[in-house]
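Presented below is the structure to which this report refers.
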Amino acid sequence: MDILMNQNQLEPTFLDVNGVRLHIVQAGPEEGPLIILLHGFPESWFGWRYQLPYLAGKGYRVWAIDQRGYNESEKPKELGSYRLNELAQDVVECIRASGKSKAIVAGHDWGGIVAWHVAAVAPEVLDRLIILNAPEPSVMIRHLLTHPKQMAKSLYILFFQLPWLPECLSRWKRWSLLKTMMQKSSREGTFTADDLKVYQKAWSRPGAYRSMLNWYRALVRRSLPSIRDGRNIRVPTLILWGKYDSFLDPVLAKLSKERCENGQLVYLEATHWVQHEQYEQVNERMDRFIRTDSH
């Protein structure tokens, strides 16, 4: 966290879009190209702490969003509020509210799922798409239903469908299960005790963890019809994939790239938490991809 705070670059703010109030941490010159960073489960804007100062220093206007239900953003109670269409519309309206005609959107994990969907339903607002360890949604559904290995890796999604029990167990021993999951699925030292305290504070906000799980519940009960068939992605796309992901089969990256009309895929020596473990490579590849003429 010190690399951010010492540079005095962070500008926390709130923005009302699509019926919710979102907490956004901004950095970089306002006239710069807009990059929107979308975190995954169970993180927050803090998951981009290595990317924010780097990209801001390169002249980009960077918005790291606490997505709806997370951390300091609003937490609607209705399950339908977490449909994929609603999550994507949050991003579309953030771009419009910025005053920019287009943005680069980067997403990791669930943030990547949202980013894929934005590219599918509203490509006109995107200049570039950057995906980190997140499969294209229709690819994920098909692979999950036809490959027992991926089915086994994703059993936690079924557990999350249960009422109240996942919430109760996760709070056990000061969020011990969540902390252990993050540490066991990452390289040693990726998440320090101080990092986990930041996340624990976010998980402990009233209604936050229920809302975070509602992303999974709404995916199964509300969002499947909108992603079943999928669409080809026309936006220039970079996929960065940590190949030692505990949750996702590496072939999902290749299958997702096949949905892109103009896509690049780079496997990195990292786990699921690629932007933490290989942040220098991730930062440099993001910047290089954005500056390269892909049209």
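The values are calculated or read from the model by the stated rules, or taken from the named source; none is laboratory data. Since we're looking at a predicted model, the values are computed, not measured. Ideal geometry is used to build each Cβ from the backbone, glycine not excepted, and the neighbour counts take in all protein chains shown.
Would you mind finding the one in Val62, Val91 that is assigned to a helix (DSSP H, G or I) and either farther than 27 Å from Gly207 by Cα or touching a helix residue (DSSP H, G or I) at 6+ places or on another chain (Cβ under 8 Å) (or both)? Working first, answer last.
Numbers: Val62 fails: assigned to a helix (DSSP H, G or I).
The match here is Val91.
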Item to check | segment 173-204, residues that are out of contact with any Phe, Trp or Tyr (no Cβ under 9 Å at 6 or more places or on another chain), part of a loop (DSSP other than H, G, I, E, B) and either closer than 26 Å to Ala88 by Cβ or among the charged types (D, E, K, R) (or both) | outcome: Lys173, Arg174, Glu188
Checklist entry - Which of the residues belonging to segment 29-59 are among the basic types (Lys, Arg) and either part of a helix (DSSP H, G or I) or in contact with a strand residue (DSSP E or B) (Cβ under 9 Å, 6 or more places away or on another chain) (or both)? => result Arg49
Checklist entry - Since Leu224 meets every condition but one in (1) of a type outside the set (Ser, Thr, Tyr); (2) under 18 Å from Gln51 (Cβ atoms); (3) assigned to a helix (DSSP H, G or I), which condition does it not meet? => result (2)
Item to check | Given (1) of a type outside the set (Ser, Thr, Tyr); (2) at pLDDT 95 or above; (3) within 30 Å of Ile290 (Cβ to Cβ), index of the condition Ile227 fails | outcome: (2)
Next on the checklist: Report every pair of residues separated by at least 6 positions or lying on different chains whose Cβ atoms are under 9 Å apart, first residue within segment 9-33 and crowded, with 17+ Cβ neighbours inside 10 Å, second in a strand (DSSP E or B) and of a type in the set (Ser, Thr, Tyr).
Outcome noted: His23/Thr13; Ile24/Thr13; Val25/Thr13; Gln26/Thr13
Checklist outcome for this item: Within segment 120-152, residues being farther than 14 Å from Arg231 by Cβ and out of contact with any helix residue (DSSP H, G or I) (no Cβ under 9 Å at 6 or more places or on another chain) number 4
